[in-house]
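> Pasting in a structure now, in structure tokens, and then I'll have a few things to ask.
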Amino acid sequence: MKLAREAGILLHPTSLPGNYGIGELGSQAEAFLDFLTESGIRLWQILPLGPTGYGNSPYQTLSAFAGNPLLISIEYLVRDGLLSPSFLPETPDFPEERVDFGRVIPFKTHLLQQAFQTFRSGSFPQLNREFEQFCHRYQHWLEDYALYRALKDHFGGCAWTDWPPALIRREASALQSKRSELAWQIEAIRFEQFLFYRQWWAIRHRAGEQRIKIIGDIPIFLAHDSADVWAHQDYFYLDENGQPLVVAGVPPDYFSETGQRWGNPLYRWDVMAEENYAWWIQRFRAIFDLVDIVRIDHFRGFEAYWEVPAEEETAIHGRWVKGPGAHFFQVLQQHIGDLPIIAEDLGVITEEVIALRDQFEFPGMRVLQFAFSDDEDARFFQPHNYPRNCVVYTGTHDNDTCVGWFHGDDLSSSTRTPEEIQAERLRAKKYMNTEGEEIHWDFIRLALASVANTAIVPLQDVLGLGSEARMNLPGRPDGNWEWRFQARALTPEIKNRLRELVDLYERDGKMIQD
């Protein structure tokens, strides 16, 4: 797949402004699309859209298929008659600059319950027909997810491995008993998903009308405490109690000298191959219902992945194990057709990973913040070495902002000395011929001027924000995924400056480079 020469903005919907404590799929999302259009930006990249669990990470979701109900627009529920406007003055005084998940979750959960009660007690014939069609279309995942969520709430939020043994083992009689007992709650969760999908499809339709493509994100691994692992235990290396025998991670790297022990259960690829990867085909079809292009997080895991014994506290004592390789993507192509995929190929990348990526012409990633160290790997990220078929980022959701990277203490890494950090910044100044007064615009210009077909800039870099606006600090136990911007930050000056660079470097989507 070769992308047109375009520019994009990385912004997760939770970071949108609004009055209800978290970004929503309402008028502020539409206003952001208008800003992109007026700036000449043709791509909107987001993080995974799934319902988040402990830690609020979009990369550790409760389902590989479901949407995050916290994103449902309260404003549009009022518009559709599912919520009374008289209830809204009770909205708490949420902070504008971050998501206070501890307060947002109970607030929005209550409103969604109110909306469901109104739906069931009112007269909404058209909405009811749409709801029934939705439930039929997605029953292959919706039934297990709704039951899982209802059970999780019923048992006080604990993981499925702490439920009664008959439910852990998914004994038919136990499941049927709980379906009857929790029928109302299960239906409410189905309705939440219907609302999410309905509002997201409206946003995607509007984006398409404005010639904006949405780049989604698939994490290769799943959270252990998720509907998918509970419903498909035979797909994972688990013991008789459902606990992982081995878990995912990465070896020591730029971010950590002990590696990262993610803790996700690992797939039994042999079992999935016997079923011709049917579950994965459903997963990709589902995400292409939501987005136009998919970034695969940790793409290298399809070639080989870092397996860590579950009892290990760090990722140091792991080993590389072969993944499904090219056969997996060949099967996907047979069932789905063209695969508009971006391969996240950061970290320990071997010739085998590169060969797998290039066999299917998936564009890989280049991150400008990695371009200025004194090691050999930096050459990979320097624009004069780019192929055209790649995606350049000023930084990602795991990086500091460009301003924070240039002026801060680089808290993301304990593997480098202050002297090494300072030398890195000096090389950046020399490479970009700048003193760094507007280092974020220097990075943006470098990305957009490069030969890379696609250039993506986190909104934090467009706004010139520091480390306080960082989205994620790998290894930090809390405080991640909270950043939000304020609507007034998208000034005409910023819009015009972006438009000028998009036009100057021909990133209007009209050119497809070889």
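> For the stretch 111-116, what does the Karplus curve 6.51 cos²θ - 1.76 cosθ + 1.60, with θ = phi - 60°, yield as ³J(HN,Hα) per residue in whole Hz, taken in order and with x for Gly and Pro?
Along the stretch 111-116, the couplings run 5, 5, 5, 4, 5, 5 Hz.
> Would you kindly state how much longer the chain becomes between GLU437 and ALA166 on full extension, computed as 0.36 nm times their sequence separation minus their alpha carbon distance, in nm to one decimal?
91.3 nm
> Let me ask something else about it. What is the order of HIS407, HIS232, fewest Cβ neighbours within 10 Å to most?
Ascending Cβ contact count within 10 Å gives the list HIS407, HIS232.
> Continuing with the same structure: How much space per residue, in cubic angstrom, does the convex hull of the C-alpha atoms of the stretch 433-477 take up? Could the numbers behind the result be given before it?
Numbers: hull volume 4.9 nm³, N = 45.
Expressed per residue, the convex hull around the Cα atoms of the stretch 433-477 is 108 Å³.
> On average, how much area does the Cα convex hull of the stretch 118-249 cover when viewed from any direction, in nm²?
10.6 nm²
> Return the long-range amide H neighbours of TYR393 (sequence gap of 5 or more, or a different chain), with a cut-off of under 5 Å between placed amide H atoms.
Sorted by chain and number, the residues that satisfy this are ARG366, VAL367, LEU368, ILE456.
> Determine the distance separating the Cα centre of the stretch 125-181 from the Cα centre of the stretch 1-50; give it in Å without decimals.
The distance from the Cα centre of the stretch 125-181 to that of the stretch 1-50 comes to 32 Å.
> Also, I was wondering about something else. Quick one: which residues, 5 or more positions from GLN45 or on another chain, have an amide H under 5 Å from its amide H? H modelled 1.01 Å from N in the peptide plane, none for Pro or chain starts.
ILE9, LEU10, LEU11, ILE215
> Sticking with this one: Before anything else, pin down the relative contact order of the stretch 76-213: Cα pairs under 8 Å, at least 6 apart, normalised by residue count, whole percent. Display every interim value, and only then the final one.
Values: 52 pairs, mean separation 32.6, N = 138.
Relative contact order of the stretch 76-213: 24 percent.
> Now, a different point. Go ahead and run the numbers for FRET between THR491 and THR37, Cβ-Cβ distance against an R0 of 22 Å, rounding to 0.05.
0.85
> Could I have the simple spin-label model distance between TRP184 and THR417, label points 7 Å from Cα toward Cβ, reported in nm to one decimal?
According to this spin-label approximation, the distance is 6.7 nm.
> I would also like to ask the following. Per residue Cα convex hull volume for the stretch 316-457, in cubic angstrom?
Measuring per residue, one finds 130 Å³ for the Cα hull of the stretch 316-457.
> Taking Rh as the Kirkwood radius, which is the inverse of the mean 1/r over Cα pairs, what is the Rg/Rh value for the stretch 246-337?
Ratio value, two decimals: 1.02.
> If I model a spin label as a point 7 Å beyond the Cα along the Cα-Cβ vector, how far apart are those points for TYR505 and VAL271 in nm?
4.6 nm
> Let me ask another. For LYS510, give me every one of the aspartates and glutamates with a C-alpha distance below 13 angstrom, ignoring sequence neighbours fewer than eight places off in its own chain.
GLU6
> Here's a follow-up. Pairs of alpha-carbon atoms within less than 8 angstrom and 6+ residues apart define the contacts here; what relative contact order does the stretch 235-383 have, in percent?
Once divided by the residue count of the stretch 235-383, the mean separation gives 21 percent.
> Report the full-extension gain for the segment HIS140 to SER86: residue separation times 0.36 nm, less the Cα-Cα distance, to one decimal in nm.
My answer for the length gained is 15.6 nm.
> Using 1/(1 + (r/R0)^6) with R0 = 25 angstrom and r between the beta carbons of LYS322 and ASP234, what's the FRET efficiency to the nearest 0.05?
0.80
> At R0 = 35 Å, how high is the FRET efficiency between ASP153 and THR314 if r is their beta carbon distance? Nearest 0.05 is fine.
Rounded to the nearest 0.05, the efficiency is 0.55.
> Let me ask something else. Return P(r) of the stretch 1-116 (all Cα-Cα pairs; 5 Å bins starting at 0; whole %; ordered from short to long distances).
2, 10, 18, 22, 19, 14, 8, 4, 2, 1, 0
> May I pose another question? Counting pairs of alpha carbon atoms under 8 Å apart in space and at least six apart in sequence, what relative contact order in percent does the stretch 320-366 give?
39 percent
> Over the alpha-carbon set of the stretch 394-514, work out the extent along each principal axis and list the three values in angstrom, largest first.
Per principal axis, max minus min of the Cα coordinates gives 43, 34, 30 Å.
> Could you give the semi-axes, largest first, of the ellipsoid that matches the chain, computed as the square roots of 5 times the alpha carbon gyration tensor eigenvalues and rounded to whole Å?
36, 29, 22
> When only alpha-carbon atoms are used, what values of Rg and Dmax, in angstrom, describe the stretch 339-405?
Calculated on Cα positions, Rg and Dmax stand at 12.3, 37 Å.
> May I pose another question? Based on Cβ point charges of +1 for Lys and Arg and -1 for Asp and Glu, what charge dipole magnitude is obtained for the chain about its Cα centre, in debye rounded to the nearest 20?
Here the chain has a charge dipole of around 1360 debye.
Throughout, read-outs are computed from the coordinates displayed, never taken from laboratory work. The structure displayed is predicted, hence computed values, not measured ones. Using ideal geometry, Cβ is built from the backbone for each residue, glycine included, and neighbour counts are taken over all protein chains shown.
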